[in-house]
Amino acid sequence: MADTVTWSTLRQLAGFRAENGCATSLYLNLDPSEVPTAGDAQTRMSALLNTAEKVDRKDLTHEQRGALKADFERIARWFDDEFDRDGAQAVVVFAAGLDNFWSTLALPEPVPDRFKVGYELYLAPLVSVVARADGTIVAVVGREQGHLYRLQAGRLQEIGDHFDEQHGRHDQGGWSQARYQRHIEKLVQEHLKDVAEVLDRSRRRLQVPKIVIVGSEETRSEFMDELSVEAREAVVGWAHAEAHAGPAQLLEVVTPVLVRAESEDEAEVLGRWREEAGRNGRAASGWEQTLEAASDGRVELLLFQEGVDHPAYRCPACGRAAASGGSCPLDGTRLEETDVGLDLAVHQTLAHGGAVWAIRHQQDLAPVEGIGALLRY
């Protein structure tokens, strides 16, 4: 089975550069609406590899061409013998045999079929897949239950379970109704307090910025009162689910909450970007400014409209990116043209410790060619 992609994985991949041969990046779409069967997936993979093998590689040495062919063959064998679809919406394979590099990733969202061969890995399609909601804690809270999940690579993984079954009415015995009810309410309050403490500990340990609560309106105010101030501020919304809903059903009901929170986050960060750009402050706008700032290590947060890309130029010696051709201002090497300017911006940003956001819900970047950045200086 392929691994799933995380921000940590993406940063590690951005640091790879093939020194001896070439790196192949192959993306295969597995959207069930387009690729419903294993046979359909096999056909697409074969077609993609056949296309990749036919590309002219005269710029490579005989050894490099042989290694590239071996990488293609390894990808085909892996897909035939080892790959387990298991709900994946897409898969990406990175291979560089001469540099002893191999990585496979299952993706929770579809991506277009594509392959790239170069000295660095083609990563731009992964940025949109690693959603900013990744890491969110989903807490299922009731008067008798408490389950904690963490959103990772498009799936909810259980991280904690706190269940307290309260006494039923058959346990009432000789108690008066009022006394018995007070006893039950005290048990419920203690249970909610315990769940809130477990949630807060998990939030601190995992350094999670967002929490979604799944529960009833009846439980909401009681549970919120038990949360710490920091945990309460991390709650981005509530949802309701049927009793005993599993992770897949829970993800379905919390997704609208996460989408709304993501849209609000985008509006907030774009507001910061507009303010800085409007006063010629710490912001870049358009491809020329953004690629230059990314290459200089000045980008704190790269912002791009999902789906945007642009031709650009790259220095083969130092990797510096530019919007126009000529010679590298650092070492004088002739810049090489590429059709994936966004990937250059992503690599340079991640390599210098910056972050990347794919803007999905707002259109503020449209007037500046779909790309901009908040800068460190």
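Values quoted throughout were computed directly from the atomic coordinates according to the rules given, and no laboratory measurement underlies them. Computed from a predicted structure; not experimentally measured. Ideal geometry is used to build each Cβ from the backbone, glycine not excepted, and the neighbour counts take in all protein chains shown.
What base-10 log of the normalised intensity I(q)/I(0) is obtained for the stretch 282-377 from the Debye formula, alpha carbons as equal point scatterers, at q = 0.15, 0.20 Å⁻¹?
Once normalised to I(0) and log-transformed, intensities are -0.50, -0.88.
Please list 3J(HN,Hα) in residue order for the stretch 30-36, calculated via the Karplus relation 6.51 cos²θ - 1.76 cosθ + 1.60 where θ = phi - 60°; whole Hz, with x for glycine and proline.
Once rounded to whole Hz, the list reads 10, 4, x, 6, 10, 10, x.
Among Asn100, Ser8, Leu60, whose Cα lies farthest out toward the positive end of the dipole of the stretch 1-133, if unit charges sit on the beta carbon of Lys, Arg (+1) and Asp, Glu (-1)?
Of the listed residues, the answer is Leu60.
Please compute, for the alpha-carbon atoms of the stretch 1-127, the extent along each of the three principal axes and give them in descending order in Å.
The Cα atoms of the stretch 1-127 stretch 41, 31, 22 Å along the principal axes, largest first.
Sequence gap at least 6, Cα distance under 8 Å: using those rules, report the relative contact order of the chain to the nearest whole percent.
Numbers: 632 pairs, mean separation 55.0, N = 377.
Normalised by residue count, the contact order of the chain is 15 percent.
Ranking His352, His347, His361, His310 by Cβ neighbours within 10 Å, fewest first, what do you get? It would help to have the intermediate numbers written out before the result.
On the way: His352 17, His347 25, His361 14, His310 20.
By the 10 Å Cβ count, ascending, the order reads His361, His352, His310, His347.
Relative to the longest principal axis of the chain, what angle (0 to 90°, nearest 10) does the C-alpha long axis of helix 286-295 take?
Relative to the chain, helix 286-295 is tipped by roughly 90 degrees.
Cut-off under 18 Å on the C-alpha distance; same-chain residues fewer than 8 positions from Lys69 excluded. Which aspartates and glutamates are left, in chain and number order?
By straight Cα distance, Lys69 reaches Glu19, Glu53, Asp56, Asp59, Asp80, Asp99, Glu120.
Please name whichever of Leu365, Ala355, Leu344 sits farthest to the positive end of the charge dipole of the stretch 336-377, dipole taken about the Cα centre and charges placed at Cβ: Lys and Arg +1, Asp and Glu -1.
Of the options given, the answer is Ala355.
What size of dipole, in debye to the nearest 20, comes out for the stretch 246-294 about its Cα centre when the only charges are +1 on Lys and Arg C-beta atoms and -1 on Asp and Glu C-beta atoms?
Numbers: 5 positive and 10 negative charges, 28 e Å.
In debye, rounded to 20, the stretch 246-294 gives about 140.
If you average 1/r over all unlike Cα pairs in the stretch 200-334 and invert the result, what Kirkwood radius do you get in angstrom?
19.0
How far is the Cα center of the stretch 97-132 from the Cα center of the stretch 25-43, in Å?
If you average the Cα positions of each part, the centres end up 16 Å apart.
Taking amide hydrogens as modeled 1.01 Å from N in the peptide plane, which residues meet the under 5 Å criterion relative to Phe101, leaving out close sequence neighbours?
Long-range HN contacts for Phe101: Ala96.
Amide H neighbours of Phe115 under 5 Å, counting only residues 5+ apart in sequence or on other chains, H built in-plane at 1.01 Å?
For Phe115, whose amide H was placed from the backbone, the distant partners under 5 Å are Tyr27.
Set the Förster radius R0 to 25 Å, insert the Cβ-Cβ distance between Arg74 and Asp40 as r into 1/(1 + (r/R0)^6), and round the FRET efficiency to 0.05. Write out the running numbers ahead of the final one.
Details: r = 22 Å, r/R0 = 0.89.
In this case the efficiency is close to 0.65.
Given H placed 1.01 Å from N in the peptide plane, which residues other than close sequence neighbours of Ile159 have an amide H under 5 Å from its amide H?
For Ile159, whose amide H was placed from the backbone, the distant partners under 5 Å are Leu148, Tyr149, Arg150.
Tabulate in residue order the Karplus-calculated ³J(HN,Hα) for the stretch 141-150, using 6.51 cos²θ - 1.76 cosθ + 1.60 with θ = phi - 60°, rounded to whole Hz; enter x for Gly and Pro.
10, x, 5, 10, 8, x, 10, 10, 10, 10
Run the dipole for the chain about the Cα centre, Lys and Arg Cβ at +1, Asp and Glu Cβ at -1, nothing else charged, and hand back the magnitude in debye, nearest 20.
640
Starting from the Cα of Asp296, step 7 Å along the direction of its Cβ; do the same at Arg201; then give the gap between the two resulting points in nm.
4.8
Between Arg376 and Asn280, what FRET efficiency comes out of the Förster formula 1/(1 + (r/R0)^6) with R0 = 22 Å and r the beta carbon distance, rounded to 0.05? Spell out each step's value before the answer.
Working: r = 16 Å, r/R0 = 0.72.
Once the sixth-power term is evaluated, E becomes 0.90.
Tell me, what is a quarter of the convex hull surface for the C-alpha atoms of the stretch 243-291, in nm² with one decimal? Intermediate results must be reported in sequence, preceding the final value.
Details: hull surface 20.3 nm².
Averaged projected hull area, Cα only: 5.1 nm².
Quick one: what are the phi-derived ³J(HN,Hα) couplings along the stretch 362-369, Karplus 6.51/-1.76/1.60 with θ = phi - 60°, whole Hz, x for glycine and proline?
10, 10, 4, 7, 4, x, 10, 6
Test of the criteria: in the stretch 238-344, which trypsin sites (Lys or Arg not before Pro) are in a DSSP loop and have at most 16 other Cβ atoms within 10 angstrom of their Cβ? Don't skip to the answer; put the middle values down first.
On the way: sites: Arg260, Arg272, Arg274, Arg279, Arg282, Arg298, Arg314, Arg320, Arg334; in loops: Arg279, Arg282, Arg298, Arg320.
Those that pass, being in a loop and sparsely packed, are Arg279.
Quickly estimate the mean residue ellipticity at 222 nm for the chain, helices only: each DSSP H run with n ≥ 4 gives -39500 (n - 2.57), and the total goes over all residues, rounded to 500.
Values: 10 runs with 150 residues, N = 377.
Calculated from helices alone, the mean residue ellipticity at 222 nm is -13000 deg cm²/dmol.
Taking the inverse of the average 1/r across all pairs of different Cα atoms in the chain, what Kirkwood radius in Å do you get?
Details: mean 1/r = 0.0426 Å⁻¹.
In the chain this quantity evaluates to 23.5 Å.
Can you tell me how the stretch 90-144 classifies by the Cα gyration tensor, rounded, prolate or oblate, using a/c under 1.5 as the rounded cut?
On the way: a/c = 3.46, a/b = 2.58, b/c = 1.34.
Note, shape of the stretch 90-144 comes out prolate.
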